[in-house]
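Written below as structure tokens is the structure these notes are about.
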Amino acid sequence: MTFQENPIRQNPIVSNEELNTIYEQMVFKSNETNLNPYDTYIEECKRNNLTQMDSQEERVKEKHHIIPLFDQGADVPENIIRLTIKEHVIAHWLRWKVLNKVGDYRAFLFRIGDTEQAYALRQQSIREARERDRISGSGFFDSSFQSEMGARGGLIGGNRNTPAQFNARQTVGLTYGRGTGINNQSETLRQFVSNVSIWAYSATAATAGKRGADRSDEQFFLVLPKEGFIDITRVLDGFVNTKIRSPSSMHKLVYCERNQMYGWRIVKTLTRSEVREGVQEFISTNPTAILQYEEEFMLGEDLE
């Protein structure tokens, strides 16, 4: 695999020239460290974290596994370093350059368009959703909802887990549970959830609650293949910290019966073999868009 011009953005978070310059610097420094250029870069980032805490603390930091999880790295403190988004992108590119691991190239490819702006948008969406819930008294701030959740434990609370409680849970689960819902999905839904999907969300349209509402504030999200459609709606809820009131009604989007619901619309679907090209095409035709996605996307070797 050869890295050429960045296929995703005209103005990426780090340019090809900067990447090549950093690589040359790490190659030079590796002669002193007796480490490869990637490990040399990681050690340099560790030093920077210690010497630049005053300025770094205010910047967005992400958890980076020095040996990635897709390469059997452990999720333990000694294998984790906090990096800025730009450092994170550079780290995966350097590791791919040194070790030629396709997972690192994929991580680089799909993070190159992510910036501090994307992180700020996610945080802003969460704050706005919580404020809407507080004002409207919905979601977590809904007293009736809290009472209902509390009452579900019955008169005997805690984790007593008697045989009667276990049998009751089994009966409810088998009758109304997740497995039943998945098995009852139509072939159209099965096909949809087995693909990667790109979604757009507009808080303005969600608030307006009507067709034809302004969607100039759209944010874009990529969802990985799931077992059931309910899993997709849960991922969407997590992206913008909202609660889709009727997940089953979102089926109308899949069946093209509605163009948008609860602020959401489907932009496109991609089979596993189409993902890389499809994402590149999407961003090349939407140069100002920031495509956000599930963290597991970087680890999905089956998407190669």
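The values are calculated or read from the model by the stated rules, or taken from the named source; none is laboratory data. All values derive from a computational prediction rather than experimental measurement. Every residue, glycine among them, receives a Cβ derived from its backbone with ideal geometry; neighbour counts consider all protein chains shown.
Summary of values
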read-out: Residue match in segment 269-285 (condition: closer than 22 Å to Arg211 by Cβ and either not assigned by TED's automatic domain parsing to the domain that holds Thr207 or not hydroxyl-bearing (Ser, Thr, Tyr) (or both)); value: no
read-out: Scope segment 229-250; condition in contact (Cβ under 8 Å) with a residue 24 or more places away in the chain, farther than 19 Å from Ala203 by Cβ and surrounded by fewer than 19 Cβ atoms within 10 Å (Cβ to Cβ); matching residues; value: Ile230, Asp231
read-out: So Asp237, is it out of contact with any Ser or Thr (no Cβ under 6 Å at 6 or more places or on another chain) and on the phi < 0 side of the Ramachandran plot; value: yes
read-out: Selection count where residues are modelled with pLDDT under 95 and touching a Ser or Thr at 6+ places or on another chain (Cβ under 8 Å), scope segment 1-28; value: 4
read-out: Subset of segment 22-41 (residues that are outside any helix (DSSP H, G or I) and aliphatic (A, V, I, L, M)); value: Leu35
